[in-house]
Amino acid sequence: MIDEDLKAAAFRKEIAKAKRRSQNENLSENEALRLLLEKKANGRPFGEFLAERRRIKEAEQERVEAARKADADAWHAWFDGAAEPNPGARGIGAVLKGPNGEIAEISQAIGFGTNNEAEYQALIAVLEEAAHRDVHHLIVQGDSQLVINQVDGTWGVKAPGLWALCEHAQVLVRRIGRVRLSWIPREQNREADALSKQALGFACAPPVDHACWTNQTTIAKTVGLSAIALGKLIDAAGLRADGKPTQDALDTGAARVTHNGFGMQVAWHKTQLLLVLRERGQLPIKP
């Protein structure tokens, strides 16, 4: 058990380090933490060092609490952009949430371009939405370090194609007023990421697994058919002609086509394809 005086003077990383040392060196956690803090004191009177540490931690806690209260009226936004391939078809996604439960979601396909351009367009879209709602205090988070750091001025803009986008975003930031831009890891940006993918038609509705866009062979296995047999059903349903998806297949969301340096790539949506085949009498209706 760690002494409360020591615990009050130690930072989280120091407590964690002391716990590891106690396990490795057969010490109590209290002994390990005291040794660590004594080393940090570097010869200063230990009681004086502990008192100063407590003041530092209390001041930091007060700062955090003041920031929390100052942000109580803030709106929060998350943004993400996607390109498939890169460059390729682009989608943007963003979420805007207000302090009183207001929420707006953006999910839009924006044509051909690069992933960085899509990230910028997603940020611009959510800033425009915030400005339209007369928001004057906004905290924006995204997983693009490039966009965050260029818009807040930390990094310069080297790519000519991004100059106008960066300037547009900065104009919107100034128009809103109080805006804080923060980078977050991708796993903390899942809502915006899902909306950007949804704009490209990649989203899967639960409980379908993440591999909703896949090839004909994989889908055929799920219904106990060969790829050739499933292909005949796809042709009979009018979803493919001359080996290529028809416009009908694209319109129903059963197929998508992307282009890269090697030519055309076709993917089928596992759930939507089977649904359309059942609706058109090519597969038995599930009981």
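Yes or no: region 118-127 includes at least one residue that is in contact with a helix residue (DSSP H, G or I) (Cβ under 7 Å, 6 or more places away or on another chain) and surrounded by fewer than 21 Cβ atoms within 10 Å (Cβ to Cβ). Looking for residues that are in contact with a helix residue (DSSP H, G or I) (Cβ under 7 Å, 6 or more places away or on another chain) and surrounded by fewer than 21 Cβ atoms within 10 Å (Cβ to Cβ), one finds none in region 118-127, hence no. State all residues of region 18-47 that are farther than 21 Å from Gln61 by Cβ and charged (D, E, K, R); if no residue qualifies, say none. Hits for region 18-47 are Lys19, Arg20, Arg21, Glu25, Glu29, Glu31, Arg34, Glu38, Lys39, Arg44. Residue selection: Gly201 fails the criterion of being on the phi > 0 side of the Ramachandran plot, at pLDDT 90 or above and open to solvent by less than 70 Å² (accessible area, probe 1.4 Å). Within region 29-63, restricting attention to residues that are over 18 Å from Glu4 (Cα atoms) and acidic (Asp, Glu), the residue that is least open to solvent (accessible area, probe 1.4 Å) is Glu60. Taking the conditions exactly as written (at pLDDT 85 or above and surrounded by 15 or more Cβ atoms within 10 Å (Cβ to Cβ)), does Leu283 satisfy them or not? For Leu283, the condition - at pLDDT 85 or above and surrounded by 15 or more Cβ atoms within 10 Å (Cβ to Cβ) - is met.
Being hydrophobic (A, V, I, L, M, F, W, C) and touching a residue at least 24 places away in the same chain (Cβ under 8 Å) is the requirement here; does Ala41 meet it? Taking the combined requirement at face value, the residue does not satisfy it. With the structure loaded, tell me whether Leu273 is in contact with a helix residue (DSSP H, G or I) (Cβ under 7 Å, 6 or more places away or on another chain), farther than 21 Å from Ala83 by Cβ, modelled with pLDDT of 90 or more and not in a loop (DSSP other than H, G, I, E, B) or whether it fails that test. No: the conditions fail for Leu273. Annotation note: Cβ proximity below 9 Å between a residue of region 212-234 that is over 14 Å from Leu277 (Cβ atoms) and a residue that is crowded, with 19+ Cβ neighbours inside 10 Å and charged (D, E, K, R) (sequence gap 6+ or interchain) occurs for Cys212/Lys270; Trp213/Arg256; Trp213/Lys270; Thr214/Lys270; Thr218/Lys270. Please tell me if Ala66 is touching a Ser or Thr at 6+ places or on another chain (Cβ under 6 Å) and closer than 30 Å to Gln145 by Cα. When the stated conditions are applied, Ala66 does not pass them. Listed by position, the helices (runs of 4 or more DSSP H) contained in region 85-186 that have at least 2 residues being out of contact with any Phe, Trp or Tyr (no Cβ under 6 Å at 6 or more places or on another chain) and among the basic types (Lys, Arg) are 160-176. Does His136 meet the test of being farther than 28 Å from Thr258 by Cβ, open to solvent by 10 Å² or more (accessible area, probe 1.4 Å) and touching a Gly at 6+ places or on another chain (Cβ under 7 Å)? Answer is yes for this residue. Quick check on region 1-28: of everything there that is assigned to a loop (DSSP other than H, G, I, E, B) and open to solvent by 100 Å² or more (accessible area, probe 1.4 Å), which residue is modelled with the lowest pLDDT? The residue in question is Met1.
The values are calculated or read from the model by the stated rules, or taken from the named source; none is laboratory data. Everything quoted here is computed from the prediction, not taken from an experiment. Cβ sites come from the backbone with ideal geometry, for glycine too, and all protein chains shown count toward neighbours. The accessibility values were calculated without ligands, DNA or RNA, using every heavy atom of the protein model including side chains. Shrake-Rupley method; radii C 1.70, N 1.55, O 1.52, S 1.80 Å.
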